[in-house]
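The values are calculated or read from the model by the stated rules, or taken from the named source; none is laboratory data. Only a predicted model underlies this, so the values are computations on that prediction, with no experimental measurement involved. When we count neighbours, we look across all protein chains shown, and the Cβ atoms used for this are built from the backbone with ideal geometry, even at glycine.
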Amino acid sequence: MKIIARDIPPRAAWALEQAGVHPLLARLFAARGVQSKDELDDGLARLLPPSGLLGATQAAVLLANAIAQDKKLCIVADYDCDGATACAVAIRGLRLLGARHVSYIVPDRVVDGYGLTPPISQRVKDSGADVLITVDNGIASVAGVATARALGLQVLVTDHHLPGAELPLAECIVNPNQPGCTFESKSIAGVGVMFYVLLALRAELRQRGMFDASNQPKLDTLLPLVALGTVADVVKLDANNRRLVAQGLKRVRAGALPLGMNSLFTAAARNASVATTFDFGFALGPRINAAGRLADMTLGIECLLTDDAARADELAKTLDGINRERRVIEGDMRDQAFAIVESLFDEGDEAPPAICVFDPDFHEGVVGIVASRIKDKLHRPTFVFAASQAPGKEHELKGSGRSIPGFHLRDALDLVAKRHPGVLLRFGGHAMAAGCTVNEESFDEFEQGLNAVAQEWLDAATLTRRLDTDGPLAPEYRRTDLVDTLHREVWGQGFAPPTFSEEVEVISQRLVGEKHLSLKLKHQGQPVDAIWFGHTEQLPRKVTLAFRLDADEWNGVRRVRFLVEGAAE
């Protein structure tokens, strides 16, 4: 691993400091491209306007007319946290804005697969709906939308995924990544897109005289859900997404959050009053995602929708239990997958440029997480496949992939599909995460095709794991109050959490829980505790470490602790 200290533009850091930003934060923000304090303004007034999102105004008219005509609206959700929060935002928001009949359907990962399929369109029609609204899916559902339209449904697609060669013929599409859309935040999550549609709808209803600025429904109550879905979907935290997340976090910390979210904090043993983006990404998000992976995402959506405290607690406990089960399945699958991976190349040799793993016993709900674990360990684009459990599709393998910087996974799949016609039955996704379906007999051809693309696209520099850090930590910043200051900020994908690096002396080291390394270090001449989760190999006496700051409490005393992220080789 190469540990590289980020460049800190001195003028930007100085300007931020002069504007009253804490010196450490000024340095961190400048290194992440922030040039003025103005960019740190997370006020709602600074959000990009909905009018800039292609299709949002048209969607607002469609929905306003539907509400005026008392039509029945049905949301078709997705089975991950972004899809679940987007569904909850859509239902809560549409009801706030006067819709009386709003229901939802969430596809089953195993039976239905991803997106709006013709059978789901039929189910929406059978439910008595007039308008079908997709959230976090639909941009690739050409056949599903065509079926819905043929059945007489009006269709509004809200999505953020990259479109294919053909767009579905919906009444209206709202997606920042569709051709012709100039909306600056291409990284907005599915839940963010739906929130923007609601902002546009409220503006349309205002124009129609339904209410004015003083008595209009407050959509900011939805921001905790928007923040959770945005962080959990690991989209790039550009300035607009950071504002959405910051606003959601403020409300969560103030106790203004849906009961189900509050119950999830309790189930995860986290404190909502000091909530961080880490809580969204590593505590609440996985518990909601677990429902879609192993059970039915209806549980996750109901948890976010209920206004009954006892039911919220019950659902959060159920989700927590499913997540524990997911961890066990994932652990077994991960061990099995690593054993398969190790058989792909001899010890001491370089791993192949791309990794593809399949085992008949794998659970398709967990393949994405396992792919992520292998990718993290080997620093290679990775696909993990499981046999489809859908009736009549037992010959199909469903794969989930995770990538490394410099290798656009969806584009790679597109190239494999062109070079090997018929191998990929379905595929879609983003640069860093994608999914695909292949026939079992085509697995080897897919593996060879993906490796050929990886061989062409990846060079030695890209295949070397690189950890960007913020350089040395001045000893005066090793304080618990500064740990709290850092935790309050919005960090995540594309706006990396502060990670420092420098040479330290290892005073002592021991294994805890058989898989974590507990360390006592000498940092700038002073002792400090550290832990390296998931690492068991002993360190030399002097070593350059990359670490994040944390606070550890023991007998009522809080002390700074380093969370080790990596060591220079």
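Exactly one residue among V191, V231 is of a type outside the set (G, A, S), under 19 Å from P50 (Cβ atoms) and under 17 Å from the mean Cα position of the chain (by Cα), and that residue is V191.
In region 489-510, the condition of being free of Cβ contacts under 8 Å to residues at least 12 places away in the same chain and either among the aromatic types (F, W, Y) or outside the structural domain of E350 (by TED's automatic domain parsing) (or both) is met by at least one residue. Of G248, G260, G229, G292, all but one fail to be touching a Pro at 6+ places or on another chain (Cβ under 6 Å) and crowded, with 24+ Cβ neighbours inside 10 Å; the exception is G248. One residue stands out in region 1-31 among those that are assigned to a loop (DSSP other than H, G, I, E, B) and not small (G, A, S): the one that is surrounded by the most Cβ atoms within 10 Å (Cβ to Cβ), namely V21.
Considering the conditions (1) closer than 18 Å to I3 by Cα; (2) surrounded by 13 or more Cβ atoms within 10 Å (Cβ to Cβ); (3) not acidic (D, E), R561 is excluded by exactly one of them, (1).
Candidates are the residues of region 433-445 that are assigned to a strand (DSSP E or B) and out of contact with any helix residue (DSSP H, G or I) (no Cβ under 6 Å at 6 or more places or on another chain); the one that is surrounded by the most Cβ atoms within 10 Å (Cβ to Cβ) is G435. The residues of region 263-289 that are closer than 16 Å to G321 by Cα, among the hydroxyl-bearing types (S, T, Y) and buried (at least 17 other Cβ atoms within 10 Å of the Cβ) amount to a single one, S263. All conditions but one from (1) part of a helix (DSSP H, G or I); (2) modelled with pLDDT of 95 or more apply to R293; the one that does not is (2).
Only one entry of A272, A283, A295 meets the criterion of being without any contact (Cβ under 8 Å) to a residue 60 or more places away in the chain and closer than 19 Å to D108 by Cβ, and that entry is A295.
Would you confirm whether any residue within region 522-535 is acidic (D, E) and within 28 Å of T276 (Cβ to Cβ)? Within region 522-535, one or more residues are acidic (D, E) and within 28 Å of T276 (Cβ to Cβ). Restricted to region 63-93, and to residues that are in a helix (DSSP H, G or I) and of a type in the set (S, T, N, Q), which residue is nearest to the chain's Cα centre (by Cα)? Out of the qualifying residues, it is T85. Scanning region 302-313 for residues that are of a type in the set (D, E, K, R) and surrounded by 14 or more Cβ atoms within 10 Å (Cβ to Cβ) yields E302, R311, D313.
Going residue by residue through region 124-136, is there one that turns out to be modelled with pLDDT of 95 or more, under 29 Å from A417 (Cα atoms) and over 27 Å from the mean Cα position of the chain (by Cα)? No: zero hits.
Within region 344-402, can you find the residues that are of a type in the set (S, T, N, Q) and free of Cβ contacts under 8 Å to residues at least 60 places away in the same chain? Hits for region 344-402 are S372, T382, S400.
Note on region 517-569: residues that are under 19 Å from A474 (Cα atoms) and among the β-branched types (V, I, T) amount to 5. Among the candidates R380, R419, R426, R410, the residue that is under 23 Å from D136 (Cβ atoms), out of contact with any Leu (no Cβ under 7 Å at 6 or more places or on another chain) and either basic (K, R) or crowded, with 23+ Cβ neighbours inside 10 Å (or both) is uniquely R426. Condition test on K393, is it under 26 Å from L425 (Cα atoms), crowded, with 17+ Cβ neighbours inside 10 Å and at pLDDT 95 or above? The answer is no for K393.
Tell me whether region 312-322 contains one or more residues that are in the same structural domain as L397 (by TED's automatic domain parsing) and assigned to a helix (DSSP H, G or I). Checking region 312-322: not a single residue is in the same structural domain as L397 (by TED's automatic domain parsing) and assigned to a helix (DSSP H, G or I). Exactly one residue among A148, A66, A99, A143 is surrounded by fewer than 24 Cβ atoms within 10 Å (Cβ to Cβ), among the small types (G, A, S) and more than 30 Å from L257 (Cβ to Cβ), and that residue is A143. Would a scan of region 71-86 turn up a residue that is at pLDDT 95 or above, surrounded by fewer than 20 Cβ atoms within 10 Å (Cβ to Cβ) and touching a Leu at 6+ places or on another chain (Cβ under 6 Å)? The answer is no, given that none of the residues of region 71-86 is at pLDDT 95 or above, surrounded by fewer than 20 Cβ atoms within 10 Å (Cβ to Cβ) and touching a Leu at 6+ places or on another chain (Cβ under 6 Å). Applying the criterion of being more than 25 Å from the chain's Cα centre (by Cα) and more than 19 Å from L201 (Cα to Cα) to the residues of region 32-51, the residue that is surrounded by the fewest Cβ atoms within 10 Å (Cβ to Cβ) is D38. Name the single residue, out of those in region 509-542 being closer than 19 Å to T499 by Cα and small (G, A, S), that is surrounded by the fewest Cβ atoms within 10 Å (Cβ to Cβ). It comes out as G534.
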